[in-house]
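Report on one structure; see the data block that follows.
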Amino acid sequence: MTRNGPKNVGAHLPSAVLNRAGAHMDKLSSLLSHWKASVGEPLVSHSFPVSYDNGRLSLRADTSAWASRLRHSQAEIMEQLRVDTYFRDLQELYVRVLPERARGQFEKNRKVLLPSRIPDTAAHLIKSVADDIVDPALRKSLIRLAGARDKQLQPKR
């Protein structure tokens, strides 16, 4: 601590470094906003642009499944992006999976409960079968599969 209190790190860096960092942040911010406006959900939630230079857009995906989806849909995505004048020179998409070490602790342990995609009749059948299962772990899994994950499980007698 100094006499006048703590100082900002920027106070100790040369102005050339600060200017370069600011320009880089502006470029990334612009790239991200154009990406979000051009592709929309669900790609925006599972991927993000890292850089765009010389017609090459580098992307990071949450998982290998999303990276595969991006690679598979590359032609359609590039067509969508080229509508925006920001990406008019786009020639290549380069997709990588976000390394595990770069994900936050929350991201690693996040469990997303999605609504059941099982039809109501199938869910009802699975639930009725689960009621007759003695193994509590299997019964719990079947009930969760049927979409009744929020209900308390009654012990089997």
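Points worth noting:
- Amide H contacts for Tyr94 (H built 1.01 Å from N in the peptide plane; partners 5 or more residues away or on another chain; cut-off under 5 Å): Leu57, Ser58, Leu59.
- Using the Cβ-Cβ distance between Arg88 and Ser58 with R0 set to 22 Å, the FRET efficiency from 1/(1 + (r/R0)^6) comes to roughly 0.80.
- Per residue, the solvent-accessible area of region 15-89 (1.4 Å probe, heavy atoms of protein chains only, all protein chains present) comes to 62 Å².
The values are calculated or read from the model by the stated rules, or taken from the named source; none is laboratory data. The shown structure was predicted, so the numbers you read here are calculated from the model rather than taken from an experiment. Positions of Cβ are backbone-derived with ideal geometry, glycine not excepted, and every protein chain shown enters the neighbour counts. Surface areas here come from the heavy atoms of the whole protein model, side chains and all, with no ligands, DNA or RNA. Shrake-Rupley method; radii C 1.70, N 1.55, O 1.52, S 1.80 Å.
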